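Notes to accompany the following structure.
The values are calculated or read from the model by the stated rules, or taken from the named source; none is laboratory data. Remember, predicted model here, so these are calculated numbers, not experimental data. Cβ placement follows ideal geometry from the backbone for every residue including glycine, while neighbour counts extend to all protein chains displayed. Only protein heavy atoms, including side chains, enter the accessible area calculation; ligands, DNA and RNA are left aside. Shrake-Rupley method; radii C 1.70, N 1.55, O 1.52, S 1.80 Å.
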Amino acid sequence: SYSSPVTLPLGLAYLGAVLEKAGYKTEIIDATGEKPVKIRRSEDDKYNLQGLNSEEILEKMNPETFIFGISLMFSQEWLPQRDFIQAVRARFPDVSIVVGGEHPTAFPEYVLRDCPEIDYVISGEAEITFLELVHRLLHEKDVSDSPGMATIDESGALVSNGFSDRITHIDDLPRPAWDLCELEDYF
């Protein structure tokens, strides 16, 4: 977190639930929630940084991770998150990095070009789109027409398939996978 309020990771818990229901092994690293009282100053001494630092997150990553999803909610957090994504790519060069959230939804091409370590951006509500992308990647199927997905192709061109379909009935989703989060840390 970059000077943001600490709130339960509802979006991550829904993503985890959808993936688990489909049979995929899923883990969540709630970098803010696992250390909500750990606060340090940014390198420029302008912001409070809250939660696990990049090295602590990297140490928690399962070395067998095939797809790593990152929630990028707020534009003011982009620079430290970009640095973190670069560190993920350096440590895990073969992992597919997927980002979603408000910031990449608003600026998918900018995010992909400013941080070429990112493989895919999901624009809009990610639960079903991320599930489809995971399925296609794990089964080595073409992802170029996945709705709500953006990427830079081999020629350097942006491939953007617009926004994910809206979830019209939230009750159709499984209940959030709170068991994948350390909820006690919030209390």
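Points to keep in mind about this one:
- Nonlocal amide H pairs with residue 96, under 5 Å, H built at 1.01 Å: 67, 68
- Separation in nanometres of the label points that stand 7 Å from Cα toward Cβ, at residue 55 and residue 138: 3.3 nm
- Full-extension gain in nm, residue 106 to residue 154, via 0.36 nm per residue minus C-alpha separation: 15.0 nm
- Loop-located GluC sites (Glu not before Pro) in segment 1-60 whose Cβ has at most 15 other Cβ within 10 Å (DSSP): 27, 43
- Excluding ligands, DNA and RNA, the accessible surface per residue across segment 55-145 is 50 Å² with a 1.4 Å probe.
- Percent accessible area from carbon and sulfur atoms, the chain, protein chains only, probe 1.4 Å: 51 percent
- Helical content alone sets the calculated 222 nm signal of the chain at -9000 deg cm²/dmol, taking -39,500 (n - 2.57) per DSSP H segment of four or more residues and averaging over every residue.
- Summary value for the chain: 24 percent relative contact order, contacts being C-alpha pairs under 8 angstrom separated by 6+ residues.
- Positive minus negative residues near residue 169 (Lys, Arg vs Asp, Glu; Cβ under 13 Å): -4
- Our coupling estimate for segment 137-148, obtained by passing each phi through the Karplus curve with A = 6.51, B = -1.76, C = 1.60 and θ = phi - 60°, is 5, 5, 9, 6, 9, 5, 10, 4, 10, 5, x, x Hz, Gly and Pro reported as x.
- Label selected from (i) -0.57, -0.67, -0.92, -1.20; (ii) -0.69, -0.79, -0.96, -1.09; (iii) -0.49, -0.58, -0.79, -1.04, the criterion being log10 I(q)/I(0) by the Debye sum over Cα atoms at q = 0.12, 0.13, 0.15, 0.17 Å⁻¹ as computed here: (i)
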